[in-house]
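Report on the following structure.
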Amino acid sequence: MGTSLQLQLEVQRNPVTDEVSAITAVVRPILRGILSSLNVEVRDAAGGMDGMPLFMLARSRRPGDGDVGICFEYAVHDALTRGDAAVTERVFDALRMCNVPGSQVASILFGAEKSGTKTLIATARELLSSDSLLLYGKQGRPAKLRNYIDRFAAAFRRPAVRDELPQSISGLWKADLFAGCRDSDKWIGTTLKINRNLLEGAKGLRVGIVPSFQGASDAVYRDQGKNLVVCPLPYDGSFMQTFYQAWEVVVQFLAKGDARVPAEVDLPRPASRQVARYLEDRRDFPVVRVIDALESLAQPELLETQQTAASSPVISSTAASSSTTSALLAPMPRST
């Protein structure tokens, strides 16, 4: 039998806007990541997860509290949720290499190492259905992810629980998120590392998301040694560059400016200073409300995937000539 083909259309819903909007979009998950990584007692004393004002985040954060790696996880999850093309396209390629069916790429944040884990796990459980399947890359019936999500979280904190997990998924307590497709409701364990030299595999993990090296290829590839499909995110003029610019805005705003626009030497780029002004204007409001308020100023969702059966490997001249639509002819993934 021949390989079934599908035509995947990546339809850009909105045009790429300006640098300020792009940075603002990534500042939002970075703020959430820093807030979630604070010491719980300190955060509760300053108003809690829902009530801490932005200026108190500046006074409560200490080096190490808002680790760049945690913020990277939040930013990638947010990018997948928004449909950021630079991230979504590559994660789709990784899912396809793992034979995950479907076209509507999605993310469920897990992160058992974060403070506020109970809230994250509860949210993850709500997003899953009784039919949500975990594809772990081995022969046999896929696991029901909803049945294991609490056990993975418990295994992170209690090593004895790890021995009780099935061997094929015994490393999934190391997952940072579960990537998958909403339309097929199938998911795979995913690890993220801001330092790609720290990327390591584990039983059940399928994909590793890392930054690409500046100027190097960002093509998705399979690392046989780690048993992971590695998904490098593009740097120059793309997601990673925007992430680091947004990280600079937040760190300088909190550390150097006491929740005010820092000196120009600390934040010299005009676009970055404009985003810092957005933050200063809202310094007296709770961080979670600031995050919500910035949504209307952020880069909108860019990418919508439409996937249909292809009768022939020919792309119409109308689609080919459109500057906002790209087409990809690919084998239909098979569930494993």
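For the stretch 188-211, filtering for residues that are within 14 Å of the chain's Cα centre (by Cα) and either under 23 Å from residue 151 (Cα atoms) or of a type outside the set (A, V, I, L, M) (or both) leaves 9.
Just so you know, in the stretch 107-136 the residues that are at pLDDT below 75 and part of a loop (DSSP other than H, G, I, E, B) include one that is nearest to the chain's Cα centre (by Cα), and it is 111. Note on the stretch 268-289: residues that are among the charged types (D, E, K, R) and either part of a helix (DSSP H, G or I) or not assigned by TED's automatic domain parsing to the domain that holds residue 252 (or both) amount to 4.
Is the stretch 151-172 home to any residue that is in a strand (DSSP E or B) and over 30 Å from residue 63 (Cβ atoms)? Lay out the reasoning, then the answer.
Of all residues in the stretch 151-172, those in a strand (DSSP E or B) come to none.
Checked against the condition, which is being in a strand (DSSP E or B) and over 30 Å from residue 63 (Cβ atoms), the stretch 151-172 yields no hits at all.
Out of everything in the stretch 40-61 that is touching a residue at least 40 places away in the same chain (Cβ under 8 Å) and of a type in the set (Gly, Ala, Ser), what residue ends up being farthest from residue 282 (Cα to Cα)? Before the answer, list the steps.
Pass one, the stretch 40-61, residues touching a residue at least 40 places away in the same chain (Cβ under 8 Å): 40, 43, 47, 49-55, 57-59, 61.
Checking which are of a type in the set (Gly, Ala, Ser) leaves us with 47, 51, 58.
Details: 47: 16, 51: 14, 58: 13 Å.
Among residues in the stretch 40-61 that are touching a residue at least 40 places away in the same chain (Cβ under 8 Å) and of a type in the set (Gly, Ala, Ser), the one farthest from residue 282 (Cα to Cα) is 47.
The C-beta contact set for the stretch 247-269 (first residue on the phi > 0 side of the Ramachandran plot, second residue of a type in the set (D, E, K, R) and not in a helix (DSSP H, G or I), distance under 6 angstrom, 6+ apart or interchain) comprises 259/283.
Checking the structure you have, find out if any residue of the stretch 212-222 is over 17 Å from the mean Cα position of the chain (by Cα) and under 20 Å from residue 29 (Cβ atoms). Scanning the stretch 212-222 turns up no residue that is over 17 Å from the mean Cα position of the chain (by Cα) and under 20 Å from residue 29 (Cβ atoms).
When residue 276 is tested against (1) of a type in the set (Gly, Ala, Ser); (2) under 23 Å from residue 168 (Cβ atoms); (3) crowded, with 21+ Cβ neighbours inside 10 Å; (4) more than 18 Å from the chain's Cα centre (by Cα), only condition (2) is not met. Beta carbons closer than 9 Å, at least 6 apart along the sequence or on distinct chains, pair a first residue in the stretch 77-92 that is within 17 Å of residue 189 (Cβ to Cβ) with a second that is aliphatic (A, V, I, L, M) and assigned to a loop (DSSP other than H, G, I, E, B) for 91/220. For the stretch 196-207, filtering for residues that are among the small types (Gly, Ala, Ser) and surrounded by fewer than 23 Cβ atoms within 10 Å (Cβ to Cβ) leaves 2.
For residues that are hydrophobic (A, V, I, L, M, F, W, C) and at positive phi, tally how many sit in the stretch 37-88.
First pass over the stretch 37-88, keeping only residues hydrophobic (A, V, I, L, M, F, W, C): 38, 40, 42, 45-46, 49, 52, 54-58, 68, 70-72, 75-76, 79-80, 85-87.
This time we only want the ones that are at positive phi, so: none.
Adding up the residues that qualify gives 0.
Against the test of being in contact with a Lys or Arg (Cβ under 9 Å, 6 or more places away or on another chain) and not charged (D, E, K, R), the options 160, 175, 155 yield a single qualifying residue, 155.
In this structure, residue 155 does not satisfy being crowded, with 20+ Cβ neighbours inside 10 Å and at pLDDT below 85. Pairing each residue of the stretch 184-196 that is assigned by TED's automatic domain parsing to the domain that holds residue 70 with any residue that is buried (at least 24 other Cβ atoms within 10 Å of the Cβ) and among the acidic types (Asp, Glu), provided the two are 6+ apart or on different chains, yields C-beta distances under 6 Å for 191/176; 192/73; 192/176. Those residues that are part of a helix (DSSP H, G or I) and aromatic (Phe, Trp, Tyr), I need them from the stretch 173-187; list them, please. Scanning the stretch 173-187 gives a single hit, 173.
The values are calculated or read from the model by the stated rules, or taken from the named source; none is laboratory data. As the structure is a prediction and not an experimental result, all values here were calculated from the model. Cβ coordinates were reconstructed from backbone atoms using ideal geometry, including for glycine residues, and neighbour counts include every protein chain displayed.
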